[in-house]
Amino acid sequence: MKYIYSIILFSLFFSTIAYPQSSKKKQPNIVWIVCEDLSPHLGCYGDQVTKTPNLDQFATEGVRYTNAYTTAGVCAPSRNAIITGRYQTANGAHHMRTLGISGVASDAYPKGHKSYSALLPLGVLGYPHYLRQAGYYCSNNSKEDYQFLGSPTMWDESSNKAHWKNRKDKNQPFFSIFNLNITHESLVWMRDKEPLLVDPKDVIVPPIYPDDSISRQVIARFLTNAMIMDKQVGEIIKELKEANLYDDTVIFFFSDHGDGLPYYKRELHHRGLHIPLIIKGLGLVPGTVDDQLISAIDFAPTLLSIAGCQVPKTMQGKAFLGNQKSKQKNKYIFGARDRMDSEVDRVRSVFDGQYNYLKYYMPEKPFYQDIKFRLQNKLMPHILKLRDNGQLNADQMSWFRQTKPEEELFDIKNDPFELKNLATDQAYAAKLNELRTAHEQWKKDYKDWGEMEEMEMVKQWWNGKDTPPLTEPPMLIEKGNKIAITSKTKGASIGYRKSVKDTWTIYDKPINLAKGDSLYFFAHRVGYTLAEKKIVR
């Protein structure tokens with residue numbers, strides 16, 4: 001009876017595995033060049049101070065998108081949304097940061113906080129899984145920061161040496177990410193003594209900062225880093241050209257969120273979410289400009305659409321290119337801000353291209369958060385000292401209000417730094433109600449884990465225990481030289497390899513295993529503990 005059951009299970013398992021498949025058309029090579037912490041400070045976006053000749057030239061060969069936005073003003077929640085094509089709030093990955101960082105002081109987190117890997121909903125996988133299943137070589141160089149510990153099958157290679165050149169079959173299509181961290185906020189203070197490429201006298205000081213030598217020097221340092229990033233982009237493009245791959249490769253350039261400066265980064269203001277986005281290839285008309293609203297959750301479905309992979313229904317973004325391009329364009333951009341390091345808050349935003357609506361769920365808390373990491377930027381303690389000495393004007397003091405209203409509404413077109421709240425102006429009552437209603441509908445359409453206290457959420461995921469559940473160990477079903485692998489844990493990814501030197505392969509059909517062969521295999525539900533086994537036949 002046990003043997004008959006195994007045969008039935010083997011047959012069912014063989015016939016029911018389903019992954020989004022690629023089309024029979026030639027699969028394009030795809031490269032993502034991702035910088036960090038940068039709003040559109042590029043010459044092609046009209047910046048007169050930051051010299052970016054490589055990206056300016058790249059923009060003449062592709063499409064420049066003027067209204068691209070992330071779903072968070074900080075890296076880890078934003079990157080979770082990008083890798084899954086879903087709002088980080090729907091994944092329980094909205095707090096900054098879930099996994100913790102080695103060497104970071106415990107006071108960087110609230111009392112009682114435990115590090116955890118976000119438990120992705122059933123059926124949710126990172127887009128590299130679908131690309132690899134469709135035959136792509138997927139490399140990530142080198143930052144992940146997705147709020148979860150990914151399964152070993154997510155990438156062919158993810159390291160600071162990962163590169164499309166490392167694929168063994170040079171005819172294999174590739175998807176490669178190059179993360180450029182030179183524009184990250186930490187490089188402002190880490191490179192403080194390095195030579196500047198921007199004269200502090202030439203920078204534009206925003207009204208939220210005091211116009212003095214420290215503000216100007218910090219801004220000049222930040223823009224200098226952006227210029228160095230542009231050179232790095234040029235090197236990646238040169239490498240593709242030298243390999244005769246540039247013309248046939250689809251290339252995205254974008255940032256993981258807006259500027260890495262105080263009162264920019266982490267915010268849901270326009271300056272915290274607005275990013276550059278330039279795409280070349282796919283027959284796109286060179287040198288054109290597209291002003292449609294694009295959310296970063298649209299990147300993953302667009303990527304799969306370009307690659308010829310079926311976009312899974314679990315993705316919440318819309319493909320804006322490729323054979324699965326959505327017929328509907330975004331009407332709104334939705335953003336979320338939750339715990340930032342040790343500081344707890346909950347804010348949501350809706351942006352329609354001109355008006356930005358902010359909903360504050362903890363209005364009793366001040367706007368400013370005393371985030372220790374940010375204090376390393378010398379502009380931050382400088383601003384705090386001026387505040388304490390009564391030397392900031394009204395606009396500069398707006399960040400330090402001790403409480404928040406429940407709602408704010410700003411006209412980005414006429415008030416780019418969002419200093420005049422229109423929420424109480426009856427002339428804008430209709431717009432306020434429209435965006436408030438859009439926010440309430442968003443909450444109904446997409447689960448917002450932010451409604452639950454963080455550790456209560458984790459406790460629910462872990463079934464009340466202090467550690468995450470163990471993925472059920474993978475089981476083998478053997479029939480002759482064929483071996484099928486399964487796991488009782490719903491949503492578990494399964495991978496295998498025959499040598500520890502091999503790259504993990506995504507399991508999707510029974511494997512041939514000869515006598516004397518070794519087989520390493522695992523099952524992993526993202527958010528649970530991975531279960532791994534080995535057999536020797």
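The values are calculated or read from the model by the stated rules, or taken from the named source; none is laboratory data. From a predicted model like this one, the values you see are computed outputs, not experimental measurements. Ideal geometry is used to build each Cβ from the backbone, glycine not excepted, and the neighbour counts take in all protein chains shown.
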For the structure I just gave you, tell me whether Phe320 is free of Cβ contacts under 8 Å to residues at least 60 places away in the same chain and not small (Gly, Ala, Ser). yes
Limited to the stretch 393-418, what total is found for residues that are surrounded by 13 or more Cβ atoms within 10 Å (Cβ to Cβ) and out of contact with any Phe, Trp or Tyr (no Cβ under 8 Å at 6 or more places or on another chain)? 4
Under the condition of being among the charged types (D, E, K, R) and part of a loop (DSSP other than H, G, I, E, B), which residue from the stretch 484-503 is surrounded by the most Cβ atoms within 10 Å (Cβ to Cβ)? Lys498
Could you tell me which of the residues Leu55, Leu38 is within 12 Å of Leu277 (Cα to Cα), touching a residue at least 40 places away in the same chain (Cβ under 8 Å) and touching a Ser or Thr at 6+ places or on another chain (Cβ under 7 Å)? Leu38
Picked from the stretch 138-197 (must be of a type in the set (Lys, Arg) and more than 30 Å from Met340 (Cβ to Cβ)), the residue nearest to the chain's Cα centre (by Cα) is Lys161
Is the stretch 353-362 home to any residue that is charged (D, E, K, R) and either within 19 Å of the chain's Cα centre (by Cα) or surrounded by fewer than 17 Cβ atoms within 10 Å (Cβ to Cβ) (or both)? no
Does Pro416 satisfy being in contact with a Ser or Thr (Cβ under 9 Å, 6 or more places away or on another chain) and not basic (Lys, Arg)? no
When only residues in the stretch 443-461 that are assigned to a loop (DSSP other than H, G, I, E, B) and free of Cβ contacts under 8 Å to residues at least 12 places away in the same chain count, which is nearest to Pro110 (Cα to Cα)? Glu453
Tell me, which residue of the stretch 464-483 that is out of contact with any Gly (no Cβ under 7 Å at 6 or more places or on another chain) and within 22 Å of Gly150 (Cβ to Cβ) is surrounded by the most Cβ atoms within 10 Å (Cβ to Cβ)? Thr471
How many residues, within the stretch 463-482, are farther than 15 Å from Ile535 by Cβ and either in a loop (DSSP other than H, G, I, E, B) or without any contact (Cβ under 8 Å) to a residue 60 or more places away in the chain (or both)? 10
Would you check if Gln328 is surrounded by fewer than 21 Cβ atoms within 10 Å (Cβ to Cβ) and without any contact (Cβ under 8 Å) to a residue 24 or more places away in the chain? yes
If you scan the stretch 511-536, which residues turn out to be closer than 26 Å to Pro121 by Cα and outside any strand (DSSP E or B)? Arg525, Gly527, Leu530
Any chance the stretch 182-202 includes a residue that's outside the structural domain of Ile383 (by TED's automatic domain parsing), free of Cβ contacts under 8 Å to residues at least 40 places away in the same chain, buried (at least 16 other Cβ atoms within 10 Å of the Cβ) and within 25 Å of Gly135 (Cβ to Cβ)? no
Within the stretch 116-147, how many residues are polar (S, T, N, Q) and either modelled with pLDDT under 95 or buried (at least 22 other Cβ atoms within 10 Å of the Cβ) (or both)? 4
